[in-house]
Amino acid sequence: IFQGHEEDDRKVRRREKNRVAAQRSRKKQTQKADKLHEEYESLEQENTSLKREIGKLTDEMKHLSEVLKDHEKICPLLHCTMNFVTVPRPDALASCLPR
């Protein structure tokens, strides 16, 4: 009788220990999933922000390309007969700059 009671106690202790270990494992998995979800949300926000920045930079590039194209039409340096000179003179550059 005494030995059977000890075995029952051991079984109960083992079950309790197993139950606590399972709880700990589930809690750890939940925390890991929560952390991954937070990281996902953060990366989604960063991605959205970067896409917005790409859009702004693309618009700026288009605008500056148009400005350059318009400027090339009237730039005296590009229409100069001596445009083969690799280093333009400062006085020639000054005529291209806005006043």
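The values are calculated or read from the model by the stated rules, or taken from the named source; none is laboratory data. Since the model is a prediction, treat every value here as computed from it, not as a measurement. Don't worry about glycine lacking a Cβ; one is built from the backbone with ideal geometry, like all the others, and counts go over all protein chains shown. Calculation scope for accessible area: heavy atoms of the full protein, side chains included, ligands and nucleic acids excluded. Shrake-Rupley method; radii C 1.70, N 1.55, O 1.52, S 1.80 Å.
Structure values in brief
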| item | result |
| --- | --- |
| Residue within region 71-90 that is of a type in the set (A, V, I, L, M, F, W, C), at pLDDT 90 or above and loosely packed, with under 10 Cβ neighbours inside 10 Å present | yes |
| Test for LEU57: is it open to solvent by less than 90 Å² (accessible area, probe 1.4 Å), part of a helix (DSSP H, G or I) and of a type in the set (A, V, I, L, M, F, W, C) | no |
